[in-house]
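Step one of this worksheet: look at the structure below.
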Amino acid sequence: MRSLTLPAHLPPLARLLAVSRPALWVNTVGPLVVGLWLTGRLWTLEPGLVALLAYLTLPFNLLIYGLNDLADREEDAASERKGGWQGARLGPGEGGPLLRAVLGLNAPFLAVLAFLLPPPALLVLLLSAGLFAAYSVPPVRLKARPFLDGLSNVAYALPLALPALALGEPVPALPLAALMAYSVGKHAFDAAQDVPADRAAGVRTVATTLGLPGTALYALAWFALAGALLWPVSKLTALALWGLCGGLALALRREPTPERAARLYPLSILSPWVVGTVAGVPLVYLLARGLWP
């Protein structure tokens, strides 16, 4: 069966989906849905938020990972974990078409959202997109700037603020700060498995700077902070975050090797799903009792 295709100057849709890493879309869509839930207007069909939800799927993730794959082509060519669900390995001649696809899918959405969203929400969305671009693209390339590489990952948390900004509601400060802290810790933890490849390529990251034992403790500190920020909001969610993410960091600390980090990585990928599911327990209870608007 032939894959669906976009216009001839763009890669096939199946290829764009692979580059965008659908297994990770929860990291962009999830915060938006949680932010909408926290406004108390989960079922709103406000056009700007519907457009945002669509944008944070393929287009936004293609921006995040497409630019990353373009910038890391040489490193990815030597990486054993690229070429599957953990990220694409670009072949010769794919760079130009992929860049056109990133621009071609993002620019129209951003133009529409500029009309649909109030200025504060649009500015936060652009800040998130800008941080992701700066993470990968030279000359800024925050990925190769230790500690700034992880701190820039607060961009994953910013969609949580968008529903409140779009609807004129108060921004949920503690959940937003907790998600920022979690994102910084998760970046460090996930980077641990790439220490040998990054050092061989001459790329300095928070993980190559701290080493694996230090990286595990650094991630643990951010996970501890994230749970503490969540505690006043949802003790159950804080406990889930500490138990899963803190447990992963401690497991890496006990055996600080790239191989151990790689074995733990799938659990790190699942952590937003697990913690998000636990966070949704009160919502399910309220819906079942007919107490949610």
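Within the chain, which is the longest segment that contains none of the trypsin sites (Lys or Arg not before Pro) sitting in a DSSP loop with at most 10 other Cβ atoms within 10 Å? Of all site-free stretches, the longest is 3-288. Residues in the range 261-273 carry Karplus couplings, in order, of 4, 5, 5, 7, 4, x, 5, 5, 4, 7, 4, x, 5 Hz; the curve used is 6.51 cos²θ - 1.76 cosθ + 1.60 with θ = phi - 60°, and Gly or Pro positions show x.
Computed extension length for PHE115-TRP273: 53.7 nm, one decimal, from 0.36 nm per residue of separation with the Cα-Cα distance subtracted.
Between ARG141 and LEU174, what is 0.36 nm times their sequence separation minus the Cα-Cα distance? Round to one decimal in nm. Working shown, then result.
Values: separation 33, 0.36 × 33 = 11.88 nm, distance 2.91 nm.
Here the segment from ARG141 to LEU174 would lengthen by 9.0 nm.
Calculated on the alpha-carbon coordinates, the convex hull of the range 175-215 measures out at 59 cubic angstrom per residue. Only one item in (1) 54, 51, 39; (2) 47, 43, 35; (3) 56, 51, 32 matches Cα extents along the principal axes in Å derived from the coordinates shown, and that item is (1). Taking amide H atoms as placed 1.01 Å from N in the peptide plane, the amide H of THR39 has no partner under 5 Å among residues 5 or more positions away or on other chains. Once each of the chymotrypsin sites (Phe, Trp or Tyr not before Pro) sitting in a DSSP loop with at most 13 other beta-carbon atoms within 10 Å is removed, the chain keeps 86-293 as its longest stretch.
Altogether, the Stokes-Einstein calculation at 37 °C and 0.692 mPa s, with the Kirkwood radius of the range 120-201 over Cα pairs as Rh, returns a diffusion coefficient of 240 µm²/s.
Rounded to the nearest Hz, the phi-derived 3J(HN,Hα) couplings of the range 46-57 under the Karplus curve 6.51 cos²θ - 1.76 cosθ + 1.60 (θ = phi - 60°) are 4, x, x, 6, 5, 5, 4, 4, 5, 5, 7, 8, where x marks glycine and proline.
Tell me, how many Å apart are the Cα centres for the range 212-240 and for the range 141-175? About 17 Å separates the Cα centre of the range 212-240 from the one of the range 141-175.
Per-residue Karplus couplings for the range 199-207, computed as 6.51 cos²θ - 1.76 cosθ + 1.60 with θ equal to phi - 60°, are listed in order as 5, 5, 8, x, 9, 9, 10, 4, 6 Hz, Gly and Pro entered as x. Take the Cβ atoms of TRP231 and THR257, set R0 to 30 Å, and the FRET efficiency comes out at 0.40.
All of the numbers you see were taken from the coordinates with simple rules; none came from a lab. Note that the structure is a prediction, hence the values are computed from the model and not measured. When we count neighbours, we look across all protein chains shown, and the Cβ atoms used for this are built from the backbone with ideal geometry, even at glycine.
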